[in-house]
Ligand SMILES: [Fe+2]
Ligand SMILES: [Fe+2]
């Protein structure tokens, strides 16, 4: 069976290119299961119920979030009922939302969870390695386990991938909004990729208008970030094929479409 993992859908440009490209890509690759990162789907920060429902109406199986999960307070209105949405497992404190989602696909139990990295992040989270160790025993009867490591540092993500190699079927990164070209099968069989990228503006700075950001770097003065609304769009994703009986990764393809 074939999975499609789509990088952070950013604002209106992200939602637009997702709608435009997803049906064709699903058909072309014969995709069975779609996972989308939605932490930036509402104007670049967070998610609202309307867009969550829009994703479900596009037959998306699981929506992951990230450090921006709670940046739009509308999430509190629907998170308790959002059965196909997960937030990271390692926020500090007692917060609402699912640690993981398990879906039965034609008798195959697929579990998806997400963890935040700690390196170069503005706030601290529980140790991603320790929290993943703690949660893995819950997935003993899952056939396929997929983990999204939402983190900034390439080294932390690579170390995470190698540490859990052979225990998680797919480990892919999100958060940097820049697609890496390092998808590969690790020595014990896990499909690993440092960052699957972003689905949104190509011409801005990781999703937002470039001018305020350049100004900030030139002067040190902080300016409000504005989601980029013109120029080229990109669709970043990864296709992974897994054998339905052995649960081994048999094929993968990095997808980067520019419009
Ligand atoms: Fe993001
Ligand atoms: Fe993020």
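Readers should treat all values here as calculations from the given coordinates under stated rules, not as data from a laboratory. Predicted model, so just to flag it, every value in this text is computed and none were measured. Every residue, glycine as well, gets a Cβ built from its backbone with ideal geometry; the counts of neighbours run over all protein chains shown.
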Verdict on residue 98 being touching a strand residue (DSSP E or B) at 6+ places or on another chain (Cβ under 7 Å) and free of Cβ contacts under 8 Å to residues at least 40 places away in the same chain: yes
Selection count where residues are under 18 Å from residue 88 (Cβ atoms) and in contact with a strand residue (DSSP E or B) (Cβ under 7 Å, 6 or more places away or on another chain), scope the range 152-192: 12
Residue match in the range 118-133 (condition: outside any loop (DSSP other than H, G, I, E, B), within 16 Å of ligand 2 (Cβ to nearest atom) and either touching a residue at least 24 places away in the same chain (Cβ under 8 Å) or crowded, with 18+ Cβ neighbours inside 10 Å (or both)): yes
Residue that is surrounded by the most Cβ atoms within 10 Å (Cβ to Cβ), among those in the range 74-94 that are in contact (Cβ under 8 Å) with a residue 24 or more places away in the chain and more than 16 Å from ligand 2 (Cβ to nearest atom): 82
Flag if residue 214 is touching a strand residue (DSSP E or B) at 6+ places or on another chain (Cβ under 6 Å) and more than 16 Å from ligand 2 (Cβ to nearest atom): no
Unmet requirement for residue 47, which otherwise passes all of (1) within 22 Å of residue 201 (Cα to Cα); (2) within 16 Å of ligand 2 (Cβ to nearest atom); (3) touching a strand residue (DSSP E or B) at 6+ places or on another chain (Cβ under 7 Å): (3)
All positions within the range 134-151 that are within 24 Å of residue 4 (Cβ to Cβ), assigned to a loop (DSSP other than H, G, I, E, B) and out of contact with any helix residue (DSSP H, G or I) (no Cβ under 8 Å at 6 or more places or on another chain): 142, 143
Counted residues, the range 52-70 - those being more than 16 Å from ligand 2 (Cβ to nearest atom) and in contact with a helix residue (DSSP H, G or I) (Cβ under 9 Å, 6 or more places away or on another chain): 7
Only one of 198, 193, 239 that is surrounded by 13 or more Cβ atoms within 10 Å (Cβ to Cβ), in contact with a helix residue (DSSP H, G or I) (Cβ under 6 Å, 6 or more places away or on another chain), closer than 20 Å to residue 31 by Cβ and touching a residue at least 12 places away in the same chain (Cβ under 8 Å): 239
Residue tally, condition more than 17 Å from the chain's Cα centre (by Cα) and either closer than 23 Å to residue 109 by Cα or crowded, with 23+ Cβ neighbours inside 10 Å (or both), over the range 33-59: 1
Considering residues of the range 152-167 that are part of a loop (DSSP other than H, G, I, E, B) and away from ligand 2 (no atom under 16 Å from the Cβ) only, the residue surrounded by the most Cβ atoms within 10 Å (Cβ to Cβ): 164
Residues located in the range 165-202, provided they are more than 16 Å from ligand 1 (Cβ to nearest atom) and more than 24 Å from residue 111 (Cα to Cα): 181
Residue list for the range 169-188, filter: away from ligand 2 (no atom under 16 Å from the Cβ), assigned to a strand (DSSP E or B) and within 16 Å of the chain's Cα centre (by Cα): 170, 171
